[in-house]
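No lab work stands behind these numbers, since they all come straight from the coordinates. Just so you know, these numbers come straight off a predicted model, no measurement behind them. Every residue, glycine among them, receives a Cβ derived from its backbone with ideal geometry; neighbour counts consider all protein chains shown.
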Amino acid sequence: MAAHAPYRITLGYRTWTFVDLKDLMAKATPPRSGDRLAGIAALSAEENVAAKLCLADLPLKTFLSEALVPYEEDEVTRLILDRHDAAAFARVSHLTVGGFRDYLLSDQATSDGLAALAPGLTPEMVAAVSKIMRNQDLILAARKCVVVTRFRNTIGLPGTLAVRLQPNHPADDPGGVAASILDGLLYGCGDAVIGLNPVSDSLATLTDLARLIDGVIQRFAIPTQACILTHITTSIEMMNRGAPLDLVFQSVAGTQAANEGFGVTLALLREGMEAAQALKRGTVGDNVMYFETGQGSALSAGAHHGVDQQTLEARAYAVAREFRPLLVNTVVGFIGPEYLYDGKQIIRAGLEDHFCGKLLGLPLGCDVCYTNHAEADQDDMDTLLTLLATAGVTYVMGVPGADDVMLNYQSTSFHDALYIRRLLGLKRAPEFEVWLEAMGIAGADGRPLPQSPTQPLLQGWR
Amino acid sequence: MTDEPRKAGVTPDAWVHLSRATPARIALGRAGDSLPTVEVLRFALAHAQARDAVHTRFDAGALAARLGGLGLVPVLVHSAAPDRATYLARPDLGRQLAPASQQALAALPASDPDLALVVADGLSATAVHRQALPLLTAFLPWVRQAGWRLGPVAVASQARVALGDRVGQALGARAVAVLIGERPGLSAPDSLGVYLTLNPRPGRLDAERNCLSNIREGGLAHDLAAFKLAWLLREALRRQMTGVALKDESDLLLVDGRAPALPAAPMTERQET
């Protein structure tokens, strides 16, 4: 198989041609509406599989010499290639994409081995292999990856699943936010972060909300961290003015142009990280960044360079890993049906994103979610949550009753977290588990205990 | 069904009183570790209503007839998205006019109005069915008072906001207001949005529009929305701008949170409501 464009494969009487590497990648990707919207998807089922067959024979190292987004134009490409660790890559440098899939599923690929390999992998290599993997392959390979991060607790240990407590309110009302925080804590959620999406972008309002959440954490000595999910420039300004910020949030994407659409550069992300680290608010570690991503964001910003949305999503993880984040999650179904049409596409994308992020060494969580104009419902979310938890997802969202009354979409709930813990025996971050038991919120088995009005959290709320 | 068998096995939460503080679904109780039956079904109903709002057929003909009753001149147009499935997957097609609609608009006599109105299904025909008439009924007296010339009202099917740019351009309008069904949430499947754009033409950015959202029962009231739209249009025409540069300061004119009363209009009352 030629490792140069155009890429060709003959099946029976027909020869399929792919003009360049990004064309091959886009045609090989499992069907989704966003790639059709971009006009880059395979035009038939056979063309899709022909591209997969062609891609499987491609040497992995092709991705080191052929950039999908030009090096000269894009700082994300420069980051990926300049940071590539050739020594780490040496172990798999002789493999094709198909051979790499076989390796990942073999007993040779151990947890320690995959952790050592991560700096040698580029997002394009990881995206390529994911395109020829079935859902069960994505689950099994991701489960081998162990990524542990720390701030005030330890996230990502094998056998654990963390939950972001998401206490959003349509008017940023402090009493309403506090009520949702209490509800989540009493359901045993919040070890990943207590993370609020505010409506407002006013510094005064955001600082009040940061003080509110920090006050709860300090008062009850909760081993967790807080985050206000606002633009990184706003977080930097809040820190400059002395607001108590634990984690710095930012949405990131896989191209420089898409990141510019978000109003960020790599230099700005570094500035935010260094400002948060300088506050030294972590007690057991200094992973201070929280990133969100999602397939389709680059196309949505008109910044996709003709590259398929799943590959661009993996490139966003290369941006994230440069800043040693505590948490990264794909917001998989939020963007809408023009990018991920239905439950089947959302489920596939969630498993791909989790696999790619984990293989690249990130603490990948997932906002298992959908909007009301997508062909999806709670049953699809149950399916994806269950699959991701078996794959070892780092964390999921906890939204009261799965209904986010501010962002108007459906995610996973506090009850969903209890369901998956009980089904699979998954624990919380160990420090948080100890706290819940000490507070009488959960028993030694981690199950929630019935509460009375004498519960200290309830007493403290009056 | 009595309460006893319904609640058997349900552990109630001791903080139900806090649910007054937020519309979020807190203190739901649990059956084992799972949602109680009543909450599972309450959620399913809200989702069903939101789904139905997305897929309810837009009754453009009936709406056009009622707009005619307000003294407006309706014209039916369709986007380049032939059906709902295409509309949802191809937002680009929802922003373009079908060729027949393009021709229909071009065939209208030139009027160069101050304002072109577009009533569009968007993501919730239910919202348009419920909110468009009351909003326009409240808005027309402001139009008469200001002496603005209105063009025909386009009743647009399978339409996105930017379709209004094409309609406004075809009519030679100074500004276009698109009344459109918003993406339904679980708590509100029938919320209407209004997007005002000066000098409409294809390629206008979202940052060049002003938006009023959440127009519904329990949201932004019709008379208040009408007052705000009139304020925005007056300022847009006077300052020759819409979008992020034009901040909605109409709240400064409110009396106890309500729209000020109209001065007695010199025009005749509307023909029917």
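Observations, loosely collected:
- Exercise: per-residue mean of other protein chain Cβ atoms within 10 Å, B:12-21: 6
- Gain on full stretching of the segment that runs from A:Gln108 to A:Tyr71 - 0.36 nm per residue minus C-alpha separation: 10.0 nm
- Degrees between helix A:135-144 axis and first principal axis of chain A (Cα, 0 to 90, nearest 10): 60
- If you take the alpha carbon atoms of segment A:170-260 and fit the smallest convex hull around them, that volume is 113 Å³ per residue.
- Note on chain A: with charges restricted to the Cβ of Lys and Arg (+1) and Asp and Glu (-1), its dipole about the Cα centre is near 1020 debye.
- A straight Cα-to-Cα reach below 25 Å connects B:Lys228 with the lysines B:Lys247, residues fewer than 8 places away in its own chain not being considered.
- Prolate/oblate/rounded label for segment A:211-369 (Cα gyration tensor, a/c 1.5): prolate
- Residues whose amide H falls under 5 Å from that of A:Leu327, counting only those 5 or more places apart or on a different chain, are A:Met289, A:Phe291, with hydrogens built in the peptide plane.
- Ordering of B:133-143, A:102-112, A:146-156, B:203-213 by packing [mean C-beta count within 10 Å, highest first]: A:146-156, B:133-143, B:203-213, A:102-112
- Those aspartates and glutamates that a straight Cα-Cα span of less than 18 Å connects to A:Lys427, excepting residues fewer than 8 apart in one chain: A:Asp191, A:Asp416, A:Glu437, A:Asp445, B:Asp33
- On Cα atoms only, tilt of A:45-56 relative to the major axis of chain A in degrees: 90
- Based on C-alpha pairs under 8 angstrom that are at least 6 apart in sequence, segment A:149-438 has a relative contact order of 24 percent.
- Positive-end residue of B:Val16, B:Thr137, B:Ala81, charge dipole of chain B with Cβ unit charges: B:Ala81
- Only helical runs count toward this figure. For chain B, summing -39,500 (n - 2.57) over DSSP H runs of n ≥ 4 and dividing by all residues gives -11500 deg cm²/dmol at 222 nm.
- The Cα trace of segment B:44-203 gives Rg and Dmax of 15.0, 50 Å, the first to one decimal, the second as a whole number.
- Mean per-residue shielding of peptide A:395-404 is 4, counting Cβ atoms of other chains within 10 Å of each Cβ.
- For segment B:1-106, the alpha carbon convex hull comes to 214 Å³ per residue, rounded to a whole number.
- Scattering profile of chain B at q = 0.07, 0.14, 0.16 Å⁻¹ [log10 I(q)/I(0), Debye over alpha-carbon scatterers]: -0.31, -0.96, -1.18
- Cα centroid separation, segment B:1-72 to segment A:51-72: 49 Å.
- Shown here are the Rg and Dmax of the Cα trace of segment A:7-144, at 15.4, 46 Å.
- Here segment B:216-255 and segment A:108-150 have alpha carbon centers that stand 53 Å from each other.
- Label zone at A:Val284 (point 7 Å along Cα-to-Cβ), backbone N below 18 Å, segment A:373-399: A:394-396
- Rounded FRET efficiency, nearest 0.05, which uses the C-beta distance separating A:Arg270 from A:Thr386 and R0 of 35 Å: 0.40
- Segment A:7-144, dipole about Cα centre (Lys/Arg Cβ +1, Asp/Glu Cβ -1), debye to the nearest 20: 480
- Working from the Cα coordinates of segment A:149-438, the gyration tensor eigenvalues give, after taking √(5λ), semi-axes of 25, 23, 18 Å in decreasing order.
- Simple spin-label estimate for B:Ala62 and B:Ala207 in nanometres, 7 Å along Cα-Cβ: 4.2
- Column: log10 I(q)/I(0), Debye, Cα scatterers of the protein assembly as shown, q = 0.07, 0.09, 0.11 Å⁻¹: -0.53, -0.87, -1.23
- Note on segment A:370-434: Kirkwood radius taken over Cα pairs, Stokes-Einstein applied at 20 °C and 1.002 mPa s, translational D equal to 169 µm² s⁻¹.
- Partner chain coverage, peptide A:329-338 - average Cβ within 10 angstrom: 2
- Karplus-derived 3J(HN,Hα) values for segment B:69-86, using 6.51 cos²θ - 1.76 cosθ + 1.60 with θ = phi - 60°, are x, 7, x, 8, 10, x, 9, 7, 10, 9, 6, 7, 8, x, 8, 5, 4, 5 Hz; glycine and proline are entered as x.
- Whether segment B:124-273 is rounded, prolate or oblate, judged on the alpha carbon gyration tensor where a/c under 1.5 counts as rounded: rounded
- Counting only the Cα atoms, segment A:99-145 fills a convex hull of 68 Å³ per residue.
- Cross-link table A:Lys22/A:Lys144; A:Lys131/A:Lys344; A:Lys61/A:Lys131, entries beyond 27 Å C-alpha to C-alpha: A:Lys22/A:Lys144
- Global form of segment A:1-55, assessed from the alpha-carbon gyration tensor, a/c cut-off 1.5: oblate
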